[in-house]
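Heads up, the thing below is written out as C-alpha cells.
What follows is calculated from the coordinates using simple rules that are stated; it is not laboratory data. Please read these numbers as outputs of a predicted model, since none were measured by experiment.
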Amino acid sequence: MTGIPVSEAEEILQYRFSDRSLLVKALTHSSVTDLNCPGNDYERLEFLGDAVLELLTREHLLAEYPDESEGDLTRRKIRIVQKGNLSKQGQRLGLADLAHVGRSFVSSGGALESMTADIVESLIGAIYIDSGLQSARVFITREILMQSDDSGSLLDARSELQEYCQAKGLTLPEYSLTARSGPDHDPVFTITVKIEGKYAGRGTGTTRGAARGKAAEEALKKLERLV
C-alpha cells in the first residue's frame, strides 16, 4: 500500500489513538523510510511492544495457572509470544493489508509472516505510548491471549526449545551425551545442550530422550531469565 487507512485500522483494533502518528509509524515498514533516518518505521515501537507483551502475558499466565511450575508457565508463554502465533493473530485481524511497504519489500510468504508478527508488537508499543499499560492490556487480552492456544506440547520441552530458537533467529539446539553411569540394566545418561555453540543446559535421565528433555527444560529456564 502507498498509504495507511487510519480510520479503518482503528476500527479493526477497536482503539482510537490520541496521537495518530503513532499508528502510522506502527504500520510503516522500513522499506518505506530513508535508511539514514532511523525511527520513522515500526522497529522501535516493535522493540517496546515485545517487552509489554512479555510482561502482560506473564501476568496473565500467573493468574490463570496458579498451581503450575515455572517450566510449564515458560512453555505456555513461549507458545503465545512466538512469531508464528503473533503472525496468525495479525493475519486474522488483516494487519498485513494495512501495512505501508516500499518497493524493495519482497512479499514472500516468510517475509509477510515476519512483518505481520512485527506489526502486532509495534501496535502494542504504540498503544502503550498513546495511553498506557491498561489500554495495552485490553488489546493484548482480547486479540492475543483470548485467541491463542497456550497448551500445545507442554510436556515436550525439546519442541518448545526448538520453536524458541527459531523465533529468535538462533541456531537449533545441539545435544551431546557427556556421561553415562550405572549398570547396563539401569543406566543414567547425562546430556548437554548447546545453542549458538554455547552451553545452555544439562539434564540426566534413565533414557537419552528423558535426559534431552531435562536439558531442554533447563535451557528454557535460562533463556527465560535472559529475555
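Expressed as a whole number of Å, what is the distance separating the alpha-carbon centroids of the range 136-215 and the range 69-128?
Spelled out, the Cα-based centre of one part sits 23 Å from the other.
Let me check I have the definition right: for the chain, take the eigenvalues of the Cα gyration tensor, multiply each by 5, take square roots. What are those semi-axes in whole Å, largest first?
Equivalent-ellipsoid dimensions as semi-axes: 39, 19, 13 Å.
Please report the relative contact order for the range 157-226, taking Cα pairs under 8 Å with a sequence separation of at least 6, and give it as a percent rounded to a whole number.
27
State the extension gain, in nm to one decimal, for the chain segment bounded by Ser18 and Phe105, taking 0.36 nm per residue of separation less the distance between their alpha-carbons.
Between Ser18 and Phe105, full extension yields an extra 28.4 nm.
Just want to confirm a number: the relative contact order over the chain, from Cα pairs under 8 angstrom separated by 6+ residues, in percent.
This gives 20 percent for the chain.
Under the definition of Cα pairs under 8 Å and six or more residues apart, what whole-number percent is the relative contact order of the range 112-207?
Details: 85 pairs, mean separation 13.4, N = 96.
Relative contact order, the range 112-207: 14 percent.
I need two numbers for the range 121-227: Rg to one decimal and Dmax as a whole number, Cα atoms only, in Å.
Gyration radius and largest Cα-Cα distance of the range 121-227: 18.7, 64 Å.
Given Lys25/Lys194; Lys25/Lys168; Lys198/Lys221, which pairs have Cα atoms separated by over 27 Å?
With Cα atoms farther than 27 Å apart: Lys25/Lys194.
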